[in-house]
Amino acid sequence: MLVEEQREPGSDMVVEIENEQDLALATMRHSTAHLMAEAVREIYPDVKFAIGPAIDNGFYYDMDLDHALTPEDLAEIELLMGRHREAAEPFVRTEVSREEALKIFADNPYKVEILRELPAGSVITTYQQGDFLDLCKGPHVADTGQIGAFKLQSVAGAYWRGDERRPMLQRIYGTAWPTQDELDQYLHRLEEAQRRDHRKLGKELDLFSVNDEIGPGLILWHPRGAMIRYQVEQFEQKEQLARGYDLVYTPHIASEKIYQTSGHLETYKENMYSPMSIDEVDYYVKPMNCPGHIMIYKSQVRSYRELPVRLAELGTVYRYERSGTLHGMLRVRGFTQDDAHIFCREDQMIDEIAGVIDLAIYMADVFGYQFQAYLATRPEKWIGDDATWDRAIEGLRRGLEQAGVDYKLDEGGGAFYGPKIDIKWVDALGREWTGPTVQLDFNLPQRFDVNYIGEDGEKHRAVMIHRTLLGSMERFVGGLVEHYAAAFPVWLAPIQLALIPITDDQLPFCQQVAADAEAAGLRVKVFDQKERMQAKIRDAQMLKIPYMLVVGKREVEAGAVAVRLRSGQDLGAIPVDQFLTGVIARVESRSLELTDEVL
RNA sequence: GCCCACGUAGCUCAGUCGGUAGAGCACUUUCUUGGUAAGAAAGAGGUCCCCGGUUCAAGUCCGGGCGUGGGCUCCA
């Protein structure tokens, strides 16, 4: 395993270090954090620094400061940083005893707390550049002149030690790169990400909204967004049926009895909404689909012959998420999971796991994502016994190998009730998204006594696998919007064809083509408003409609359409039949591209 | 929930020192029938997020609430 996570007091590098280059970059970024601290202290001598690690793409420093920092302050700090960089101040490393260090940093409660946690005899290092001295394990670059191009990005609040009961500190985020060119490229990537923001595009293309009066974190799917979701759902459901899953539906509310048995009222209550009383029994809106699926499994005595039982549901759940955590479609309070639970014998476990992974890879391929798998092992708090955990982790490992997937270990990242595989999708911008998860559960089968009758005529505990492929429809479609920058492949595009008559004389022909296309199952919009053709093309372009079919006198006479792609490419006139046949083929093959020799 | 910022027409945003509101797009009507990213004119459209306070006077200042955004924590 190459992943190494360093969490050193006072000099964290909260970042994956996989090679020398990563280390050099992280070192430079961490030094930039010190450079920033030097500048901040020059302006605000009373500042007390907490920790300032390197992170992905940059660094931050947490500080206790009475003055509330503004973006204007950041510009001033940057300016000072530039001067200290030009001065090429050497980073001087000094070893001191813990007692000496406690004296040096006596007026900084954060550094003192860090020091107190270190063993009494340990050797402490400090680094000084200019007249700024900091407690720090290092390493650092030789002098501030070695620091590349940087930019301070934002001020945010952050709890000391990430603990909401501790003081709220101010955190300055920055980014740093070896060269100005790389910095510019990074800033450009950030702009691109903003341009693709699903909240912005969702509004522009009329895909979804949230509404104050409906409530925060609750998504209203508009017709075009709903069409994308519908296509995704139909595709996935059919694929699951083909792979031996059975579809089920379970109620949105359930009595408290089931959540007592499942343990959710003990361990998950803070995420559940207040109950409603029906005939003097408390009913909860479901936060998870598992209990319902378990009751379906348990509705009859199961023989080893009928396993595995794979129950799938697009299950809508509601969870209380704290207001500050809500984010567009990516973090919401009500969402629909593409959930499934597989009940099987232990000897079927590896095949089932491999089967889920195979399906997950297929989904990634269809939507054009790269992916990275993680195997999450036993956390500090856990239930069950060693042997079961070992067999389960081995099962997941062999499932991954059988599916031929490379993976990284996420040591201790499993749930208390079982280990899991997480697959992260890597989108067009190289960002990771929550993707499929395959989770083994030792807890619920025991609580609900989930079993089957074996060949020996005895009861055996069934293995229970939770799995989701897309996660939730909200998060998945939100992610898709950003992945494709809302330029959806034809099979997903809410509107696939724009019919654009040049004058009203071509309107009847356009309406006929539209009717033919719709009869063939395509989604069409005729641009019949009283506007010039250029304006209609612009409208269609803004909606990112894959194919714009311009029809003038020449096309009507030829029984053709002039095909313009949303890329701006002009394919010229194509006979209507030939064009429709080509598009239908692309829809059926779920092609990610709009053209090839067929069109 | 916590820290910071923000909330003005359907959308994107102006609004100076406190003197009761503006643009572009979209919408409606009229004119225009135009060959690959916006033809022209007119009209309509407002609880300036909500509640309270200061003031002769509040979109503007102050307090509280709600919502949104950037983070912390958490997560599908």
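The values are calculated or read from the model by the stated rules, or taken from the named source; none is laboratory data. What you see is a predicted model, and the numbers here were worked out from it, not measured in a lab. Please note: Cβ atoms are built from the backbone with ideal geometry, for glycine as well, and neighbour counts cover all protein chains shown. Ligands, DNA and RNA are stripped out before the accessible areas are found, and what is left, the full protein with its side chains, is counted by its heavy atoms. Shrake-Rupley method; radii C 1.70, N 1.55, O 1.52, S 1.80 Å.
Taking Cα atoms of chain A, Rg/Rh with Kirkwood Rh, to two decimals?
So for chain A, dividing Rg by the Kirkwood Rh gives 1.03.
Mind jotting down the distance between the C-alpha centroids of the stretch A:437-500 and the stretch A:276-330, whole Å?
Between the Cα centre of the stretch A:276-330 and that of the stretch A:437-500, the gap is 13 Å.
Summing Lys, Arg as +1 and Asp, Glu as -1, what charge do residues with Cβ under 11 Å from the Cβ of A:W177 carry, A:W177 excluded?
On the way: positive: A:R29, A:K151; negative: A:D181, A:E182, A:D184.
With Lys, Arg at +1 and Asp, Glu at -1, the net is -1.
Post the alpha-carbon centroid distance, the stretch A:362-433 to the stretch A:14-38, in whole angstrom.
Taking the Cα centre of the stretch A:14-38 as reference, the centre of the stretch A:362-433 is 29 Å away.
Given a 1.4 Å probe and every protein chain left where it sits, what share in percent of the accessible area of chain A is carbon and sulfur? Please report the intermediate quantities before stating the final value.
Numbers: 13770 of 28470 Å².
Answer for chain A: carbon and sulfur cover 48 percent of the accessible area.
Using the alpha carbon gyration tensor of the stretch A:270-411, what are the three equivalent-ellipsoid semi-axes (square root of 5 times each eigenvalue), largest first, in whole Å?
Each semi-axis is √(5λ); the values are 29, 23, 17 Å.
Which three semi-axes in whole Å describe the equivalent ellipsoid of the stretch A:46-121, each the square root of 5 times a Cα gyration tensor eigenvalue, listed largest first?
Calculated on Cα positions only, the semi-axes equal 27, 17, 13 Å.
Hey, if you drop one equal point scatterer on each alpha-carbon of the stretch A:418-573 and run the Debye formula without solvent, what base-10 log of I(q)/I(0) do you get at q = 0.14 Å⁻¹?
Cα-only, vacuum Debye calculation for the stretch A:418-573: -0.78.
So for the stretch A:401-451, what percent of the C-alpha to C-alpha distances run longer than 17 Å?
For the stretch A:401-451, the share of Cα pairs beyond 17 Å comes to 52 percent.
Would you mind working out the accessible area per residue for chain A, using a 1.4 Å probe, and quoting it in Å²?
48 Å²
Could you tell me how far the Cα centroid of the stretch A:151-174 sits from the Cα centroid of the stretch A:192-224, in Å?
Here the two parts' Cα centres lie 28 Å apart.
Considering amide H positions built from the backbone, and no H for Pro or chain starts, which residues 5 or more places from A:V141, or on another chain, come under 5 Å of its amide H?
The list, which skips near neighbours in sequence, is A:S31.
Quickly estimate the mean residue ellipticity at 222 nm for chain A, helices only: each DSSP H run with n ≥ 4 gives -39500 (n - 2.57), and the total goes over all residues, rounded to 500.
So the calculated ellipticity at 222 nm is -11000 deg cm²/dmol.
Send over the semi-axes of the stretch A:222-279's equivalent ellipsoid, whole angstrom and largest first, taken as the square roots of 5 times the C-alpha gyration tensor eigenvalues.
32, 17, 11
Full extension from A:A156 to A:Q185: what is 0.36 nm times the residue separation minus their Cα-Cα distance, to one decimal in nm?
That works out to 8.1 nm of additional length.
Above 21 angstrom, tally the Cα pairs of the stretch A:202-349 and express them as a % of all pairs, no decimals.
Every Cα pair in the stretch A:202-349 considered, those over 21 Å come to 56 percent.
Below 8 Å, C-alpha to C-alpha, sequence gap of six or more: please give me the relative contact order for the stretch A:512-593 in percent.
Relative contact order comes out at 19 percent.
Which of the listed residues, A:L594, A:P308, A:I574, is farthest toward the dipole's positive end in chain A, when Lys, Arg count +1 and Asp, Glu count -1 at the beta-carbon?
Toward the positive end, the furthest listed residue is A:I574.
Just to be sure I understand the model, the point goes 7 Å from the Cα along the line to the Cβ. What's the resulting A:E20 to A:S323 distance in nm?
5.3 nm
Assigning unit charges at the beta carbon (Lys, Arg +1; Asp, Glu -1) and nothing else, what dipole magnitude in debye, to the nearest 20, does the stretch A:191-319 show about its Cα centre?
520 debye
Hey, if you put +1 on the Cβ of every Lys and Arg and -1 on every Asp and Glu Cβ in chain A, which of A:A486, A:L409, A:I465 ends up farthest toward the positive end of that dipole?
Checked the options; the winner is A:A486.
Could you list log10 I(q)/I(0) for the stretch A:150-270 at q = 0.15, 0.23 Å⁻¹, which the Debye formula gives when each Cα is one point scatterer?
Log10 I(q)/I(0), no solvent term: -1.13, -1.18.
Can you check what the net charge comes to around A:G82, using other residues whose Cβ is under 14 Å from the Cβ of A:G82 (Lys, Arg +1; Asp, Glu -1)? Can you show the working numbers first?
Values: positive: A:R83, A:R85, A:K151; negative: A:E38, A:E42, A:E76, A:E78, A:E86, A:E89.
Taking every other residue near A:G82 into account, the sum is -3.
Can you work out the FRET efficiency for the pair A:E164 and A:Q529, with r the C-beta to C-beta distance and R0 = 41 Å, to the nearest 0.05? Intermediate results must be reported in sequence, preceding the final value.
Details: r = 53 Å, r/R0 = 1.30.
With a Förster radius of 41 Å, E is 0.15.
Relative contact order of the stretch A:394-520, please, whole-number percent, based on alpha carbon pairs below 8 angstrom and at least 6 residues apart.
Value for the stretch A:394-520: 15 percent.
Just for the Cα atoms in the stretch A:417-479, what are the lengths along the principal axes, largest first, rounded to whole Å?
In descending order, the Cα extents are 54, 20, 18 Å.
Measure off 7 Å from each Cα along the Cα-to-Cβ vector at A:Q541 and A:V112, then give the distance between these two points in nanometres to one decimal.
6.5 nm
Quick one: of A:K137/A:K420; A:K151/A:K203; A:K151/A:K424; A:K238/A:K536; A:K286/A:K420; A:K238/A:K269, which pairs are farther than 26 Å apart, Cα to Cα?
From the list (A:K137/A:K420; A:K151/A:K203; A:K151/A:K424; A:K238/A:K536; A:K286/A:K420; A:K238/A:K269), the Cα-Cα distance tops 26 Å for A:K137/A:K420; A:K151/A:K203; A:K151/A:K424; A:K238/A:K536; A:K238/A:K269.
Over chain A, calculate the relative contact order: mean separation of alpha carbon pairs under 8 Å at least 6 apart, over the residue count, as a percent. Numbers along the way, then the final one.
On the way: 1102 pairs, mean separation 56.2, N = 599.
The value is 9 percent.
Could you run the Debye sum over the Cα atoms of the stretch A:26-157, one equal point scatterer each and no solvent, and tell me log10 of I(q)/I(0) at q = 0.11, 0.23 Å⁻¹, two decimals?
The calculated log intensity ratios at q = 0.11, 0.23 Å⁻¹ are -0.37, -1.53.
For the residue pair A:D212 and A:Q372, what label-to-label distance in nm results when each label sits 7 Å from Cα along the Cα-to-beta-carbon direction?
Here the modelled spin labels are 4.1 nm apart.
Mind listing P(r) for the stretch A:500-599? All alpha-carbon pairs, 5 Å bins, whole percents.
Result, from short to long distances: 2, 13, 25, 28, 21, 8, 2, 0 percent.
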